[in-house]
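> Sharing a structure here in structure tokens format.
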Amino acid sequence: MNALTPAWQIRVESPDDDARIEALNAESFGPGRFAKSAYRLREGVRPVAGLSFVAVENGILRGSVRFWPIRVGGHEELLLGPLAVESNQRGRGIGIGLMQAGIAAAQKGPWRGILLVGDEPYYAKVGFARLPPGRVKFPGPVDQDRILGLSLKAGELLTARAGEVSRTGGPGPHSGPVAEGGRVAQPVGRSAPGTD
Ligand SMILES: CC(C)(COP(=O)(O)OP(=O)(O)OC[C@H]1O[C@@H](n2cnc3c(N)ncnc32)[C@H](O)[C@@H]1OP(=O)(O)O)[C@@H](O)C(=O)NCCC(=O)NCCS
């Protein structure tokens, strides 16, 4: 391996990763993660199977990203988050790598776009941009400046549609192995870069 090759690798999350992802999210976001608006969208819903990735290095879990099904104006789209990287491993490109893996996988699916609530300067690195104020309405209070979107399909710009953002009906055909907010995983957290 040379200096340009990262030692960490990205793979699809498996049920065996649940406990470590849970611990990473707890460490990264603290108990406040359950109070955020985005958490209301994940509650009782499972992340999308095949779209949640982990970064591992020598058997150690370095980072995790999950994507959730949400409804935007009546159409199923994706919500990115939580995204977390071990505190002593940040700045190595792991967060960007995780998101790129998820976005590439999402581009093969039926969704038109991805939403998140987070810092635009960070998420712009993978193509997210701020949505016009009022374009989408989250349940509960959300800082409009932190609502970001990424179109997955050319000509179907998420920014062109308006709508209420709501939960999907619960575990369904896109469900993955882990119920965030239920038995295992728990998201939401401090209002730093990430998805609130
Ligand atoms: C946000 C987080 C996932 C980034 O992971 P990471 O692996 O360190 O990110 P990367 O190494 O891929 O990218 C680092 C780059 O992003 C920049 N960056 C990080 N956070 C940023 C922010 N809030 N705003 C702007 N840029 C940011 C870094 O300065 C760095 O830039 P550079 O490449 O020009 O030096 C990580 O810091 C983390 O887990 N934070 C706590 C949890 C959290 O807030 N998650 C947010 C989403 S839920």
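> Take the range 65-97 and flag every residue that is surrounded by fewer than 18 Cβ atoms within 10 Å (Cβ to Cβ) and of a type outside the set (K, R).
G73, G74, H75, E76, S87, N88, Q89, G91, G93, I96 - these are the residues of the range 65-97 that are surrounded by fewer than 18 Cβ atoms within 10 Å (Cβ to Cβ) and of a type outside the set (K, R).
> On to the next question. State the number of residues belonging to the range 122-134 that are in a loop (DSSP other than H, G, I, E, B) and in contact with a strand residue (DSSP E or B) (Cβ under 6 Å, 6 or more places away or on another chain).
3
> Here's a follow-up. Residues in the range 44-56 that are in contact (Cβ under 8 Å) with a residue 60 or more places away in the chain and buried (at least 18 other Cβ atoms within 10 Å of the Cβ): how many?
Residues that pass the stated criteria total 6.
> While we're here: When you look at A124, is it within 12 Å of the ligand (Cβ to nearest atom), more than 22 Å from L24 (Cβ to Cβ), of a type in the set (A, V, I, L, M) and out of contact with any Pro (no Cβ under 6 Å at 6 or more places or on another chain), yes or no?
Taking the combined requirement at face value, the residue satisfies it.
> Restricting the search to the range 18-39, which residues are modelled with pLDDT of 95 or more and of a type in the set (K, R)?
Of everything in the range 18-39, just one residue is modelled with pLDDT of 95 or more and of a type in the set (K, R), namely R20.
> S28 - would you say it is polar (S, T, N, Q) and crowded, with 24+ Cβ neighbours inside 10 Å?
The answer is no for S28.
> I've got another one for you. Can you name the number of the only condition in (1) free of Cβ contacts under 8 Å to residues at least 12 places away in the same chain; (2) in a loop (DSSP other than H, G, I, E, B) that P141 fails?
It is condition (1) that P141 fails.
> Tell me, please, whether a residue that is under 24 Å from R167 (Cα atoms), touching a strand residue (DSSP E or B) at 6+ places or on another chain (Cβ under 6 Å) and either surrounded by fewer than 24 Cβ atoms within 10 Å (Cβ to Cβ) or in contact (Cβ under 8 Å) with a residue 12 or more places away in the chain (or both) can be found in the range 57-64.
Checking the range 57-64: at least one residue is under 24 Å from R167 (Cα atoms), touching a strand residue (DSSP E or B) at 6+ places or on another chain (Cβ under 6 Å) and either surrounded by fewer than 24 Cβ atoms within 10 Å (Cβ to Cβ) or in contact (Cβ under 8 Å) with a residue 12 or more places away in the chain (or both).
> Working only within the range 108-124, note down all residues that are under 13 Å from the mean Cα position of the chain (by Cα) and among the hydrophobic types (A, V, I, L, M, F, W, C).
Answer for the range 108-124, where residues must be under 13 Å from the mean Cα position of the chain (by Cα) and among the hydrophobic types (A, V, I, L, M, F, W, C): I114, L115, L116, V117.
> Right, here's the next one. Quick check on G170: is it at pLDDT below 55 and touching a Pro at 6+ places or on another chain (Cβ under 9 Å)?
No.
> Between a residue in the range 88-105 that is on the phi > 0 side of the Ramachandran plot and any residue that is more than 7 Å from the ligand (Cβ to nearest atom) and not small (G, A, S), which pairs come within a Cβ distance under 7 Å, given they are 6 or more apart or on different chains?
Final answer for the pair search is G93/P6.
The values are calculated or read from the model by the stated rules, or taken from the named source; none is laboratory data. Please read all numbers here as calculations on a predicted model, not as lab measurements. Every residue, glycine among them, receives a Cβ derived from its backbone with ideal geometry; neighbour counts consider all protein chains shown.
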